[in-house]
Amino acid sequence: MANRLECVDVGTEYCPCYLAELNECIVCSQLQGKKFCDCNWKGVCVFQEFVWAGYKAKVTRSTVFTRILKKEEINEEVVILTLKVPNKLARDLNEPGAYVFVRGYFSPSFFDTPMSVMWADEIEGIIKIAIQVTGPKTKFIASAKEGEEVYLRGPYWNGMFGQRYIKGMHNSKALVVLRGIAQAPGVIVILKLIQNKNKVIVLLDKGKVQTNFIKDYIKNSDVTLVEADLLSEEGQEVLKQFIKDKKISVIYSGGSDEQHINILEYMDKYESEAYLAVSNNNKICCGEGICGSCEIEIDGQKMRTCKVQVDIRKMLERKMSRG
Ligand code: FES
């Protein structure tokens, strides 16, 4: 029997979604075409919500115009954009794993590019995103000028797996390992951990972007920032020492799947009992569970990772076995 899956959108104002209309709901067995209830969701019944909504998806994410208030060219690799957004959207995006789709004013919808949110201020109604130019879509967005408008669609939340470990950790010690452009989504993770009164060690590798562009956002007496090259022997030694620390209760890895695996292997080797949360590195295209570009298969079960909070260990072990 297939395992029950956890949808990041369940219980939010975006549930039930298009998938319910198509009998493809991730959580509700009745909205998968079965005749009985077999879910483990403890909130308001998804099927009932669907019926109340007139057998339709509830609210869908809309695309809004946003103005670029500020553009900071950090170096040749990284550009940070400050965007004016509705206050509610900024609040919704102030969560670990939050991301939006952005495209230029004159671009057709297939230019939509998923971008992690680095910073959100619900009072001011602004968000910040960091862009590393890697192809035509990011080049286009990075070329936009201050004062110009861009299209933005959101909020989306499944930019990381293991959200509950970050949100639920209080008064503990956390290790956050970030490399390259993955520093950006690390900021909200760190701020959430601080908000929950955790002490946070940030191990940061500038990686290909060659800059630590988040230091001003994470300045706090509860944060210890250590910079290292994680691909060097010295960097690996530093990483090992932190993972050996039995007081670390949660580890977040923002970087490649290889980095996640590297950390998981050390956790196993040194019998760390910390919870592991990781950035979602799958290819996101629609963000709605429709297109299938983010789909992976674990134990014969297909899951769309733009929606599903997957079992991190199984996901990484599958990757390790494929080499
Ligand atoms: S990105 Fe389209 S299904 Fe996940």
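The string of couplings for the stretch 60-76 from the Karplus curve (6.51, -1.76, 1.60, θ = phi - 60°) is 9, 5, 9, 9, 10, 7, 10, 9, 7, 7, 8, 10, 10, 8, 5, 7, 5 Hz, one whole number per residue in order, with x for Gly and Pro. Once you reduce the stretch 190-225 and the stretch 266-284 to the center of their Cα atoms, the two points are 18 Å from each other. DSSP bridge analysis restricted to the chain gives an antiparallel fraction near 65%, rounded to the nearest 5.
Of all aspartates and glutamates in the structure, the ones whose alpha carbon falls short of 13 Å from that of residue 244, not counting any fewer than 8 places away in one chain, are 265, 268, 271, 273. Remark on residue 85: its backbone amide H falls under 5 Å from those of 126, 127, a criterion applied only to residues 5 or more positions apart or on other chains, H modelled at 1.01 Å from N.
Normalising the average separation of contacting C-alpha pairs (under 8 angstrom, six or more residues apart) by the number of residues puts the relative contact order of the chain at 16 percent. Per-residue ellipticity at 222 nm from helix content only, as computed over the chain with -39500 (n - 2.57) for each DSSP H run of at least four residues, stands at -7000 deg cm²/dmol. Which of 254, 65, 220 sits closest to the plus end of the dipole of the chain, meaning its Cα is farthest towards the positive end, when Lys and Arg get +1 and Asp and Glu get -1 on the C-beta? Checking the options against the dipole of the chain, the answer is 65. Think of each Lys and Arg Cβ as +1 and each Asp and Glu Cβ as -1; about the Cα centre, that makes the dipole of the stretch 161-281 roughly 620 debye. Counting beta carbons within 10 Å around each of 177, 278 and listing the fewest first gives the order 278, 177. Under 1.5 on a/c is rounded, so check that first for the chain, then, if it is not, pick prolate when a/b is larger than b/c and oblate when it is not; a ≥ b ≥ c are the square roots of the alpha carbon gyration tensor eigenvalues. The shape class here is oblate.
As a rough footprinting exposure proxy, the listed residues 284, 201 were ranked by other beta carbons within 10 Å of their own, and the order from fewest upward is 201, 284.
The charge dipole of the chain, taken about the Cα centre with unit charges on the Cβ atoms of Lys, Arg (+1) and Asp, Glu (-1), comes to about 580 debye, rounded to the nearest 20.
A straight Cα-to-Cα reach below 25 Å connects residue 56 with the lysines 34, 35, 42, 88, 302, 307, residues fewer than 8 places away in its own chain not being considered. For residue 71, a cut-off of 16 angstrom between C-alpha atoms picks up these lysines, skipping any fewer than 8 places away in its own chain: 84, 128, 139, 145. Under the rule a/c < 1.5 gives rounded, and otherwise a/b versus b/c splits prolate from oblate, where does the stretch 161-281 land using the Cα gyration tensor? Rounded, since a/c falls under 1.5. Note on 92, 216: ascending count of other Cβ atoms within 10 Å places them as 216, 92, the fewest first. Listed values for the stretch 159-174 are Karplus-derived 3J(HN,Hα) couplings in whole Hz (6.51 cos²θ - 1.76 cosθ + 1.60, θ = phi - 60°), namely x, 8, 10, x, 4, 5, 6, 6, 5, x, 8, 10, 6, 10, 10, 10, and x replaces Gly and Pro.
Since every read-out is calculated from the coordinates, none of them should be taken as a lab result. Everything numeric in this text was worked out from a predicted model, so none of it was measured. Backbone-built Cβ (ideal geometry, glycine too); neighbour counts: all protein chains shown.
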